[in-house]
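For reference, the structure discussed in these notes is given below.
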Amino acid sequence: MSPSRSMLSWLRARRESLLILHGLRPRLTVPAQPPLRLSIAQIRPRKGAVESNLERIRKEIERASGGTDLLLFAETITSGYFVEGGVEEVARTPAEVAGSLGSPPPDAPDVILGAYERGLGATHFNSALHLTPSTAQGRKGRWEVVHVHRKVFLPTYGLFDESRFVQAGTRFRSYDTRFGRMGILICEEMLHSLPPTILALDGAEFLLALSASPAREYRTGTGLPGSLARWDVAGRAVSMEHGLPLALAHLVGSEGGRIFAGGSAVYGPGARVLGQAALFEEDRLEVTVSRSASRRARVRAPMLENLRLLLPHVIEELDRAARNGVSDFQTVGEREEPNGRQGVAWAAEQGGDPDEGREGNRDARGDIDPSDASALELDLPLVERALVSFLRDEIPRRRGFQRVVVGVSGGVDSAVSLHLAARALGPENVHAFFLPYATSSPDSLLHGREVCQSLGIEARTIEITSGVDAYIESAEPDLSPLRRGNLAARFRGMVLFDQAARLDALPLGTGNKSERLLGYFTWHADDSPPINPLGDLLKSQVWALAQHLGVPESVVDKPPSADLVEGVHDEDELGVDYPTADLILHWLLEGVPSGELKKAGFDPSAVDRVRSRLQGTHWKRRPPTSALMSSTGIGDFYLRPVDF
């Protein structure tokens, strides 16, 4: 059988590519092009303050003019990212954005920035705009829109809800500029393999990515939050595969507790990091990108050309896979058994009962060890930096307060909050309050004073016994110890808010994640302060952070207690110690069923107790439940973030 015409064409093209690669054919001469001077302005936007953010962008452009060819800003830099139902208020047309930047300064760079875009009718998009300075003959200069890319992949899972508020774009297109051909990606698009490939095949010489991805997972290892390490892997992979430079602009700052870590980076072709901006801080990254390096990288590893040659076959396979959704081969676990049930043999081989579902499908001992707490280990210096940055963003920058008040119990949680607040705001702006009741332990005052003195924090003692007892004696003389403890906790919260009003300060929370998940706190008392740096740290992690911060050992080593009922400690009431409870909570939150944890060796009664408290206290972690009566219900239809 003779080869087809398309096969002959492919073979000829492949032969020519190999001859050129090995120097057996003359190369086409390409005029030398100057390097690209690229800058990333890693700045904090003010949530919802579009005009103020555009003014800040204008100043950054002025600063870059004359020394930069291309100036890049992060995703949604004009408004902040988590605006939810406020999209309509912050969205602007590309022409409006260009007009708001005024006249370009002399020798202005091209600008790429992220914004919520107002489209036709009621449509809105998460977009990236490429603007270039232009001067019409006899007229004042203005900004022209070179290209608009509308985000295609809208994350709607976990903490993301984009597709509820904006419409998805449908195209990935490279485009020509005065500095060469470019392609733009927005956030999740860079984490998929196809979008950067499409742009590279479309002739892009530079890839520009804009991100607003909150930092998560502060585990030890890379010196980066886990989510940012994932972006670093993706950046290296994209630049290596396609032989292209990639500039990645990350948002920095905090929005409603979601911390954007910054760390913007530029990758040269071949995955070399040409520069990286600071973590958790505003920064300006300036890099010169060589165009000849891209050509050399593609000659050394012509992966893109190989793909281009085989693209018809790849497209056929892509279409087939998209239509079928399954491979041509069944895995062992998918094979049909004689009784028509799938996976029975595999489950039986693992010693499980297929009727138990997930809990019977594998032996958990290979993955989970009740004595191994490494899953809870954190990069503590990185956590400290993140939480200090969070407090600075949320208190003075976002809410306009310079001071905080902290209720000090003498325990490790309030001690860690004091340390973090002192680092973020200065000890002179942190006001500590001891609020003892008659049954409080004397050691609580002793340990609390020790922490305050070590930090140089002013402390005040306000006895709450007479106030609490006045209510008890006049209205509830038979009050139980539990109700008395809850009453004292709420009275403390009331005093803290009043002292905050006196000092023009913000109450700072001290509750940890373990207490929140187990429901071990007094509703509308411990959980009431509007800012809490510890709310996503398990008790074990708070202990580790306390040691890192230098909290006195007398505080770290003492048994944890709410100090509401004399002689009663947390673990007495919970029925399980925190190290065990924290590991169980960790694995339950990771989606591991309780049955697997028991098989792995956890005490069944501890697993049941932790799971029961977790499942039975969701209501304590949510705002009050209101009956929905209208189409404008708060939190259902009327959606605004807390910091909008």
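Values in this text are rule-based calculations from the coordinates and carry no lab data. Quick caveat: nothing in here was measured; it's all calculated off a predicted structure. Note: ideal-geometry Cβ built from the backbone for every residue, glycine included; neighbour counts use all protein chains shown.
So, in the chain, how many Lys pairs have Cα atoms under 29 Å apart, if the pair is 8 or more places apart or on different chains?
17
Would you work out if the range 250-312 is rounded, prolate or oblate? Take a ≥ b ≥ c from the square roots of the eigenvalues of the alpha-carbon gyration tensor; rounded if a/c is under 1.5, else prolate when a/b is larger than b/c, oblate otherwise.
It comes out oblate by the Cα gyration axes.
Once each part is reduced to its C-alpha centroid, what is the distance from the range 106-173 to the range 609-644 in angstrom?
Value for the Cα centre distance between the two parts: 34 Å.
When the Debye formula is applied to the Cα atoms of the range 112-246, each taken as the same point scatterer, what base-10 log of I(q)/I(0) results at q = 0.12, 0.13, 0.16, 0.20 Å⁻¹?
Once normalised to I(0) and log-transformed, intensities are -0.55, -0.63, -0.90, -1.22.
Using the Kyte-Doolittle scale, find the helices of the chain whose mean hydropathy is at least -1.0 and whose Cα atoms extend 20 Å or more along the helix's long axis, counting only whole DSSP H runs.
5-21, 226-242, 303-324, 442-455, 481-503
Please name whichever of 222, 239, 259 sits farthest to the positive end of the charge dipole of the range 169-311, dipole taken about the Cα centre and charges placed at Cβ: Lys and Arg +1, Asp and Glu -1.
Looking along the dipole axis, the top candidate is 239.
Restricting to Cα atoms and excluding each atom paired with itself, what does the Kirkwood estimate give for the range 37-95 in Å?
12.2 Å
Using square roots of five times the C-alpha gyration tensor eigenvalues, list the equivalent-ellipsoid semi-axes of the range 76-137 in whole Å, biggest first.
25, 12, 9
Assuming R0 = 35 Å, can you tell me the calculated FRET efficiency for the pair residue 443 and residue 55, based on Cβ-Cβ distance, to the nearest 0.05?
Step by step, r from the Cβ atoms, then E = 0.05.
Between residue 501 and residue 170, what length comes free when the chain is fully extended (0.36 nm per residue of separation minus the Cα-Cα distance, one decimal in nm)?
Result for the pair: 114.1 nm of gain on full extension.
Check residue 270: other-chain or 5+ apart residues with amide H under 5 Å from its amide H, H built from backbone geometry?
Under 5 Å from the amide H of residue 270: 240, 243, 244.
Report Rg(Cα)/(2.2 N^0.38 Å) for the chain, keeping two decimals.
For the chain, the normalised Cα radius of gyration comes out at 1.15.
Restricting to Cα pairs below 8 Å that are 6+ residues apart, what does the relative contact order work out to for the chain? Please round to a whole percent.
It rounds to 10 percent for the chain.
How large is the convex hull of the Cα atoms of the range 374-558 per residue, expressed in Å³ as a whole number?
Considering the Cα atoms of the range 374-558, their hull volume per residue is 116 Å³.
Relative to a virtual label point 7 Å from the Cα of residue 377 in the Cα→beta-carbon direction, which members of the range 204-238 show backbone nitrogen distances below 14 Å?
Flagged as within label range: 218-223.
Suppose only helical runs count, i.e. DSSP H with n ≥ 4. What mean residue ellipticity at 222 nm does that imply for the chain under -39500 (n - 2.57) per run, divided by all residues and rounded to the nearest 500 deg cm²/dmol?
Taking each H run of at least 4 residues, the total per residue is -11500 deg cm²/dmol.
Over what distance in Å are the Cα centres of the range 239-313 and the range 31-102 separated?
Centre-to-centre distance over Cα atoms comes out at 19 Å.
How are the Cα pair distances of the range 494-622 distributed, in percent, across 5 Å bins from 0?
The calculated distribution, bin by bin, is 2, 9, 17, 20, 20, 16, 9, 4, 2, 1, 0.
Considering only DSSP beta bridges where both residues belong to the chain, give the percentage that are antiparallel (nearest 5).
Approximately 55 percent, going by the DSSP bridge assignments.
Could you compute how fast the range 36-316 diffuses translationally, taking Rh as the Kirkwood radius over C-alpha pairs and applying Stokes-Einstein at 37 °C with viscosity 0.692 mPa s? Give it in µm² per second.
Here the translational diffusion coefficient equals 173 µm²/s.
For the range 358-447, just the Cα set please: Rg and Dmax, both in angstrom.
19.4, 57
Calculate the FRET efficiency for residue 463 and residue 160 from the Cβ-Cβ distance with a Förster distance of 45 Å, rounded to the nearest 0.05.
The computed FRET efficiency comes out at 0.40.
How far, in nm, would the chain grow between residue 571 and residue 140 when pulled straight, counting 0.36 nm per residue and subtracting the alpha carbon separation?
147.9 nm
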